[in-house]
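In what follows, a structure is listed as structure tokens, so that the remarks can point back to it.
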């Protein structure tokens, strides 16, 4: 039966080429626009570390003074040096890392390459294990190196390629900021999207090229990247004693029970700090996991949302347009439908036949839409924004394109098909 | 032209009429909001910076040890001033459309709760104010004695120059000169008002006004080092920057040029608004596609009606209706449908705008955008219906006598 309906649909579509073309064009434009923006949104709101992100948490504390206290206020988005070091030393989580972004001048061994600046991450060692960073050569620095000012560095594959032509560079020396560092490891390509562990340096920033032990980098006073929030008269002193939050602290907690216990620990810690007179506010802590943290920060740019809704609005207009055209098309065939009714076809089978026709329009429109969204994504990739390079169609989005196209067109076909089935057969036969 | 028969005919095609009206209404709603967003972005891109974008540039270097600050400043300034084509060079912490350096919430009284918004503090060394070419409209420019050592991000207290827009918003009753602005315990006394000076990263949030800039004179030193403002003679920007890049490379490995921030204010402006430009292009694309689809929908429906009513048209022609009368019939019919769609669309446009305002930083839709959208749709409708209507008008009266 389906094959017969499909045959009828093809005949009818071929008969009214212009009307069919208009419908296909409308569907293709609507699907193309909405799938382009949907794909961008899908890529941008993805999970940076699938399977792992639910066990990674971002503790927040509130060490600010009592000025401008408002009920329900969010604690600062980062931690101070003192709190970060205390939590790190307490070591209550399965893994933990304290970090900040930075920029270091690289003075290449090869004089033919000009000195350049590279984004760096100053962090403690468990960063690599906790975030599943793959190593190409070597390994992370040791636990002792976190606290003994070790001049060690881990490079990204990109920097290793640039400086050492991709060879195993572990054990070699790298000159940065006027100091010599020994290379202990090279990590493979690794770009969590979004750049969840430090949103201050760009929600979709590329991962850093150079990784240095936090204590080493801060003792050498390498410049940090990101934001620093200060209170009181805190700004104008050494960053380590300043009343400022500027570091990110991440913990890994494997079970919800551990997470609950850690939150309790944060509350106890805040109470203790208050009893010592270090904190002035009541305990105010947060413990969000990766996806909650991304959600809380509205990390997907609002322009992307706006584009998505705009494209959806456009798709609705296209669909309404298709409903109108399909209605015109189906009613024009009232005579033919009347004959089929008179020959014994039930309303239900006419309805099915018309929906198959709508689905066929959807399929062709979906193909056109797919081509248009590939074009659209190519245009997006040409843009200079951080996330541009990420805009690719994956298999799930490809299937979604066709599901959306066929589904939407069939829904658009419902009303015209129902209306056309109501045509009384006798009237049509008479007027012929 | 009688409207009665048209309405009677439309009543027989209630569903189709309703659909096309709905489509026009949706198009009207999206169209007016999209054109509003477009014009908003364009006006941001053309917001005056208060300085001469094409003649100013930032040169930024890093990589040296903090104790090298005075040495680096002296060498850099000497090099920049000695470069052919540079008419003046001075230290500055940020330039319009570059990276912001010192944003801070300000108070008019240190005991005040809350702030009057977050402003940007431009800290400039001697000559920076003049190099920027700011126009003083009230009070005076900073003088030699006003430059004090910078503590962290600004001097501890300093005379400052603010923009006219900021002065008006802080002291609506006027007389800003001599008044004080506070950040924590830091006090800044207003000595002058300039016509305008845009902040480095304008239009990021509503409590950061675009003209919320404060110029603070500061002494070059460990906290004011590495970023320089140069004024370049017309047409020499590219060659000057090339010479500067080469000179910095020769200064040794301790001084590394920050490529991204070493650029003319004009090119910083262009990269700052890159996303806005692509958003405008996208919105224009959507508007064009929307108009196209709507027009095609109207063409399709009108053609269908014309072919459906061929016999009736023939009868009217046989009874004496002129070609013009048939043409006007379909044109009026389209006008009525589009007008109904616009009436519904205006309501939907405002609903959409309210929705957008809730989730995004979008202001209220000005009424002026509605007539524009309406006019565009009326014109589009008339153009779309023209070809089917002309075909209808050419239906010969003899059709009336044929049975099928």
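The values are calculated or read from the model by the stated rules, or taken from the named source; none is laboratory data. What you see is a predicted model; the values in this text were computed from it and never measured. Positions of Cβ are backbone-derived with ideal geometry, glycine not excepted, and every protein chain shown enters the neighbour counts.
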Sole exception among (1) surrounded by 21 or more Cβ atoms within 10 Å (Cβ to Cβ); (2) in a helix (DSSP H, G or I) for residue B:50, by number: (2)
Qualifying residue in region B:29-40 (condition: within 10 Å of another protein chain (Cβ to nearest Cβ) and under 27 Å from residue B:271 (Cβ atoms)): yes
Single residue of A:75, A:63 found to be in contact with a helix residue (DSSP H, G or I) (Cβ under 8 Å, 6 or more places away or on another chain), in contact (Cβ under 8 Å) with a residue 60 or more places away in the chain, assigned by TED's automatic domain parsing to the domain that holds residue A:193 and not in a helix (DSSP H, G or I): A:63
Given (1) buried (at least 18 other Cβ atoms within 10 Å of the Cβ); (2) over 30 Å from residue B:356 (Cα atoms); (3) at pLDDT 90 or above, index of the condition residue B:13 fails: (3)
Members of region B:103-115 that are farther than 16 Å from residue A:66 by Cβ and facing another protein chain (nearest Cβ under 10 Å): B:103, B:104, B:105, B:115
Test: residue A:294 is within 30 Å of residue A:372 (Cβ to Cβ), at the interface with chain B (Cβ under 10 Å from one of its Cβ atoms), within 24 Å of the chain's Cα centre (by Cα) and not in a loop (DSSP other than H, G, I, E, B): no
Qualifying residue in region B:350-357 (condition: surrounded by fewer than 18 Cβ atoms within 10 Å (Cβ to Cβ), within 10 Å of chain A (Cβ to nearest Cβ), modelled with pLDDT under 90 and part of a helix (DSSP H, G or I)): yes
Residue B:344 at pLDDT below 90, under 30 Å from residue A:303 (Cα atoms) and in the same structural domain as residue B:297 (by TED's automatic domain parsing): no
Breaking point among (1) under 14 Å from residue A:95 (Cα atoms); (2) touching a residue at least 60 places away in the same chain (Cβ under 8 Å); (3) in a helix (DSSP H, G or I), for residue A:129: (2)
Residue within region A:329-339 that is surrounded by 19 or more Cβ atoms within 10 Å (Cβ to Cβ) and within 38 Å of the chain's Cα centre (by Cα) present: no
Verdict on residue A:23 being within 11 Å of another protein chain (Cβ to nearest Cβ) and either free of Cβ contacts under 8 Å to residues at least 40 places away in the same chain or in a helix (DSSP H, G or I) (or both): yes
Residue list for region B:178-194, filter: more than 11 Å from residue B:161 (Cβ to Cβ), under 31 Å from the mean Cα position of the chain (by Cα) and either crowded, with 23+ Cβ neighbours inside 10 Å or away from chain A (no Cβ under 14 Å) (or both): B:181
Residue count for region A:42-60, restricted to those that are away from every other protein chain (no Cβ under 14 Å) and in a helix (DSSP H, G or I): 5
The lone exception for residue A:339 - which of (1) more than 25 Å from residue B:287 (Cβ to Cβ); (2) within 14 Å of chain B (Cβ to nearest Cβ); (3) in contact (Cβ under 8 Å) with a residue 60 or more places away in the chain it fails: (2)
Unique match (being out of contact with any helix residue (DSSP H, G or I) (no Cβ under 7 Å at 6 or more places or on another chain) and assigned by TED's automatic domain parsing to the domain that holds residue B:35) among B:281, B:318, B:302, B:295: B:281
Residue in region B:114-121 that is part of a loop (DSSP other than H, G, I, E, B) and under 30 Å from residue A:314 (Cα atoms) present: no
Matching option when the condition is within 13 Å of chain A (Cβ to nearest Cβ) and farther than 25 Å from residue B:21 by Cβ, among B:285, B:320: B:285
Total residues in region B:362-379, condition under 16 Å from residue B:35 (Cα atoms) and touching a residue at least 12 places away in the same chain (Cβ under 8 Å): 11
Within region A:112-132, tally of residues that are within 11 Å of another protein chain (Cβ to nearest Cβ) and on the phi > 0 side of the Ramachandran plot: 0
Residue match in region B:60-71 (condition: modelled with pLDDT under 95, under 30 Å from the mean Cα position of the chain (by Cα) and either part of a strand (DSSP E or B) or more than 14 Å from chain A (Cβ to nearest Cβ) (or both)): yes
Failed item, numbered, when residue A:277 is tested on (1) touching a strand residue (DSSP E or B) at 6+ places or on another chain (Cβ under 9 Å); (2) exposed (fewer than 15 other Cβ atoms within 10 Å of the Cβ): (1)
